[in-house]
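Below is one structure; the comments refer to it alone.
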């Protein structure tokens, strides 16, 4: 192999390598989906006296991050302790429907304490591409779709509890029978009674001068 052929191979290899690198840089559009992350923190308490009650309140305040209405609490322990923990959580602003209680078996020792699991959800909005006009043609108005992505972005930022994006427990789904009740009751209407002054759609009402007003004025 001559030096000239070797130089040609080096040039071709360098060109192919540059094409491969450039192809890896131009990635496709980012996944336009909201990512919901679940975080859990656990606290164990033997009782709920003065210092431990303060520890529980500090735990709820730190885990909630100021959004106690979006905090979910699972409490497991003796019936007396879980009732006290639920009372303190509700007093601090945790929604009652976000507190789940589970009593321990009665055969556990009395000093088994209570287990408090605090669960929060964080929504990570998608990275939306910018609105770019692409293509060299003058009449080429195609662009990257951003409307749906921006809507998801706003939803992820504004939603109160990101768990609702996965499972909305506040609204109970139904089969639609209740919504069909008005249609079933008032779906058919009786014929209009002309004796009450109701005329058909083709009859014009007389005006004050006693003449009949036309329904449509022709265009001139």
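The values are calculated or read from the model by the stated rules, or taken from the named source; none is laboratory data. All values derive from a computational prediction rather than experimental measurement. Glycine gets a Cβ as well: all are built from the backbone with ideal geometry, and neighbour counts include every protein chain shown.
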- Query: Only one of 88, 52, 144 is modelled with pLDDT under 90 and on the phi < 0 side of the Ramachandran plot; which?
  - Reply: 144
- Query: Which one is surrounded by the most Cβ atoms within 10 Å (Cβ to Cβ), of the residues in the stretch 33-89 that are over 32 Å from the mean Cα position of the chain (by Cα) and free of Cβ contacts under 8 Å to residues at least 12 places away in the same chain?
  - Reply: 52
- Message: Suppose the filter is within 30 Å of residue 151 (Cα to Cα), outside any helix (DSSP H, G or I) and at pLDDT below 90; does residue 105 pass it?
- Response: no
- residue 29 meets each of (1) surrounded by fewer than 13 Cβ atoms within 10 Å (Cβ to Cβ); (2) closer than 27 Å to residue 155 by Cβ; (3) modelled with pLDDT under 60 with one exception, condition (1)
